[in-house]
1. At q = 0.12, 0.17 Å⁻¹, what is the log10 ratio I(q)/I(0) for the stretch 69-130, with the Debye formula run over Cα points and no solvent?
2. Would any residue of the stretch 109-123 have its amide N under 13 Å from a label point 7 Å out along Cα→Cβ of residue 52? List them or say none.
3. When the accessible area of the chain is computed with all protein chains present and a 1.4 Å probe, what percentage of it is carbon and sulfur?
4. Do any GluC sites (Glu not before Pro) in the stretch 78-187 lie in a loop, going by DSSP, with at most 15 other beta-carbon atoms within 10 Å of their beta carbon, and if so which?
5. Please report the equivalent ellipsoid semi-axes of the stretch 81-187, computed as sqrt(5 x eigenvalue) of the Cα gyration tensor, largest first, in whole Å.
6. Residues of the chain: accessible area per residue at 1.4 Å, in Å²?
7. For the stretch 9-184, what D do you get in µm² per second when you plug the Kirkwood radius from alpha-carbon pairs into Stokes-Einstein at 4 °C and 1.567 mPa s?
8. Considering the Cα trace of the stretch 1-109, what is its radius of gyration and what is Dmax, both in angstroms?
Amino acid sequence: MARTKQYKEEDVIQKAMNLFWRNGYEATSVRMLEKEMGINQFSIYSSFGNKHGVFVESIKAYKSELNSIRNILKNSNNGILGIKQFFYNFLEFTKDNEQGKGCLVCNTVSELGNKAEPDLMVELMKFTEELRSLFVNNLKQDKLRTEDLVEREANYLTTSMLGLSLGSRIQNETELEDYIEMIFNKM
């Protein structure tokens with residue numbers, strides 16, 4: 001007879017997500033996951049397959065959390081001003097006390113680069129493309145922007161988000177606000 005799980009998967013994935021977010025994928029061991037999640041190695045392997053499986057579920061949980069600010073951008077009718085507000089909302093989202101955590105997806109792409117397993121890279125790139133698509137939709141609200149300009153600006157904003165994510169881990173609030181203001185002064 002199968003044993004009943006003594007934990008909720010959503011709860012343990014939330015804990016794992018925060019551990020990966022703080023330490024990165026490679027620096028997080030299964031033993032660390034056991035301790036943080038409060039479940040044993042057998043339960044991790046039984047529920048998620050392996051560390052990689054836990055991480056994929058953590059990315060999904062992260063995307064779900066980020067939806068609160070992505071939905072604001074998705075529903076925005078403010079064009080470029082809506083995107084700028086998203087950058088500020090993202091900064092608030094990444095705060096962890098006084099130190100920012102950056103973006104879990106951006107941190108992972110930076111950490112793993114081309115070494116990421118293919119299914120993980122697909123998940124990470126899907127996240128990036130969804131964000132870029134939101135930028136495109138908001139930029140198109142300005143009817144004076146050409147299709148070519150919208151595409152180039154969306155690429156610029158997507159790359160700028162990567163920079164903001166990294167910067168949020170090491171720079172102070174004034175420097176980050178200056179960064180955002182300079183991004184949008186260029187547009």
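1. The computed values of log10 I(q)/I(0) come out as -0.39, -0.72.
2. Within reach of a label on residue 52, which here means backbone N under 13 Å from a point 7 Å along Cα→Cβ, the stretch 109-123 contributes 115-123.
3. The value for the chain is 50 percent carbon and sulfur by accessible area.
4. Here the GluC sites (Glu not before Pro) that fit, given the DSSP loop and packing criteria, are 98.
5. 23, 20, 10
6. On a per-residue basis, the chain sits at 56 Å².
7. Answer, rounded: 75 µm²/s.
8. When restricted to Cα atoms, the stretch 1-109 yields Rg and Dmax of 16.4, 58 Å.
The values are calculated or read from the model by the stated rules, or taken from the named source; none is laboratory data. These numbers come from a predicted model, not from an experiment. Here Cβ is always computed from backbone atoms with ideal geometry, including for glycine, and neighbour counts include all displayed protein chains. These accessible areas exclude ligands, DNA and RNA; they are computed on the full protein's heavy atoms, side chains included. Shrake-Rupley method; radii C 1.70, N 1.55, O 1.52, S 1.80 Å.
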